[in-house]
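Colleague: Quick one: this structure, given as C-alpha cells, is what I'll be asking you about.
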Amino acid sequence: MIETIGIGIALIGLIVLCVVAKKQKNKKEKALLASNKMREEALDKLLFNQEAAVKKEEDTTFAAVPINVNYDVNALDKSIAKTVGKKKNKSKKMMIQIVENSELSVRKYMFDPKKSIFIGSKNGKNHIVNSSVTVDERQCEIKGVQEKVYVRNMGEPGKIILTRGKQIAHIEHNYIELKNGDIISIANTTYQIDIIATNEM
C-alpha cells in the first residue's frame, strides 16, 4: 500500500515536471521568433531608405506577412523553427505575437508594438486584413505604451469581443489593457495575443 502511494506521488511529480518543462520550451520558442523578427526588421531598415519608408507608411499600411501559416486549424501549436545559435544581449524588448485563427487557417504574426497594429477589412490600411463583410475598413488598433499593450475599437461599436479566461467584454473606443493570452474576436475570427519579452538588437 505504501509502495503504491509512493509510486503515485512519483508519477504526479514527473507529470508536473513535464508540464513545466513544456511551458518553458514554448516560452523560449516564442522569444526566439520575436528575436528573429526584430533581426529581419533591422535588416530591412538597412536595405531601404528608412526616411522615405516612414513618409510612405503614414499614408499606406501594408499587410503583414505571417511568420507561420497552418491550414490544419485544429493544430494551433505544431512545429516551430529551431535555433542554430544563441546571442546574449543587454536589454529586453517587448514584441507581440498575434495568432489569427479563422475557419480556413491559423496564421502567426509578430509585431513591434511601439507602432500601432491595425486589423480591418481594407487592404492598404491594415497590417492584418479580415475580409468579412461585417468588419469595418479599420476596425481595431493594438498599441504598446511603456511596456503595456492596449486595444481599442476604431469602427462601429459592438464588433470586437475580448475574452480573458472566463471573462468576456466588448471593446469600444476607449483603450483597454491587454494581458498575455487574451483573445480578441472579430466576426468569425479570433486573435490570441502573446506578449513576449525578448533581447533587444
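The values are calculated or read from the model by the stated rules, or taken from the named source; none is laboratory data. Keep in mind it's a predicted model, so treat the numbers as computed, not measured. So basically every Cβ, Gly included, is an ideal-geometry build from the backbone, and we count neighbours across all protein chains shown.
Colleague: Take the residues of segment 156-198 that are among the small types (Gly, Ala, Ser) and at pLDDT 90 or above: which is farthest from Tyr109 (Cα to Cα)?
Modeller: First, pick out the residues of segment 156-198 that are among the small types (Gly, Ala, Ser): 158, 165, 169, 181, 185, 187, 197.
Those still in the list that are at pLDDT 90 or above too: 165, 169, 181, 185, 187.
Working: Gly165: 22, Ala169: 24, Gly181: 15, Ser185: 16, Ala187: 19 Å.
Restricting to residues being among the small types (Gly, Ala, Ser) and at pLDDT 90 or above, the top hit is Ala169.
Colleague: Among the residues of segment 121-152, which ones are of a type in the set (Gly, Ala, Ser) and on the phi < 0 side of the Ramachandran plot?
Modeller: If we filter segment 121-152 for residues that are of a type in the set (Gly, Ala, Ser), which is where we start, we get 121, 124, 131-132, 144.
Ser121, Ser131, Ser132, Gly144, listed by residue number.
Residues checked against (1) assigned to a loop (DSSP other than H, G, I, E, B); (2) at pLDDT 75 or above; (3) surrounded by 10 or more Cβ atoms within 10 Å (Cβ to Cβ):
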site	(1), (2), (3)
Ile5	no, yes, no
Asn26	no, yes, yes
Ala42	no, no, yes
Lys45	no, no, yes
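Colleague: What's the total number of residues in segment 153-177 that are of a type outside the set (A, V, I, L, M, F, W, C), more than 16 Å from the chain's Cα centre (by Cα) and not in a loop (DSSP other than H, G, I, E, B)? Spell out the reasoning first.
Modeller: We begin by selecting, within segment 153-177, every residue of a type outside the set (A, V, I, L, M, F, W, C); these are 153, 155-159, 163-167, 170, 172-175, 177.
Okay, now just the ones that are also more than 16 Å from the chain's Cα centre (by Cα), so 153, 155-159, 165-167, 170, 172-175.
Imposing the further condition that a residue be not in a loop (DSSP other than H, G, I, E, B) reduces the set to 153, 167, 170.
Qualifying residue count for the region: 3.
Colleague: Then there's this: Any idea how many residues of segment 101-119 are assigned to a strand (DSSP E or B) and either surrounded by fewer than 20 Cβ atoms within 10 Å (Cβ to Cβ) or among the aromatic types (Phe, Trp, Tyr) (or both)?
Modeller: Final tally of qualifying residues: 4.
Colleague: Can you tell me which residue is surrounded by the most Cβ atoms within 10 Å (Cβ to Cβ) among those in segment 151-177 that are over 24 Å from Lys93 (Cβ atoms) and in contact with a His (Cβ under 9 Å, 6 or more places away or on another chain)?
Modeller: Narrowing segment 151-177 to residues over 24 Å from Lys93 (Cβ atoms): 153-174.
Narrowing further to those that are in contact with a His (Cβ under 9 Å, 6 or more places away or on another chain): 153-154, 157-162.
On the way: Asn153: 21, Met154: 17, Pro157: 10, Gly158: 10, Lys159: 20, Ile160: 26, Ile161: 14, Leu162: 18.
The residue in question is Ile160.
Colleague: Can you tell me which of (1) over 26 Å from Gly124 (Cα atoms); (2) of a type in the set (D, E, K, R); (3) loosely packed, with under 12 Cβ neighbours inside 10 Å is the one Lys148 doesn't meet?
Modeller: That leaves (3) as the condition not met.
Colleague: Being within 19 Å of Lys108 (Cβ to Cβ) and either touching a residue at least 24 places away in the same chain (Cβ under 8 Å) or more than 15 Å from the chain's Cα centre (by Cα) (or both): is that true of Val133 here? I'd like the intermediate steps shown before the answer.
Modeller: On the way: within 19 Å of Lys108 (Cβ to Cβ): no; either touching a residue at least 24 places away in the same chain (Cβ under 8 Å) or more than 15 Å from the chain's Cα centre (by Cα) (or both): yes.
So Val133 fails the test.
Residues are listed down the side, and each one gets a yes or a no for (1) among the hydroxyl-bearing types (Ser, Thr, Tyr); (2) under 27 Å from Met38 (Cβ atoms):
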position: Glu147; (1), (2): no, yes
position: Met154; (1), (2): no, yes
position: Lys159; (1), (2): no, no
position: Gln167; (1), (2): no, no
position: His170; (1), (2): no, no
position: Tyr175; (1), (2): yes, yes
position: Asp182; (1), (2): no, yes
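Colleague: If you scan segment 178-194, which residues turn out to be surrounded by fewer than 18 Cβ atoms within 10 Å (Cβ to Cβ) and not in a strand (DSSP E or B)? Break it down stepwise before answering.
Modeller: Residues of segment 178-194 that are surrounded by fewer than 18 Cβ atoms within 10 Å (Cβ to Cβ), as a first pass: 179-181, 183, 185, 187-188, 190.
Lys179, Asn180, Gly181, Ala187, Asn188 - these are the residues of segment 178-194 that are surrounded by fewer than 18 Cβ atoms within 10 Å (Cβ to Cβ) and not in a strand (DSSP E or B).
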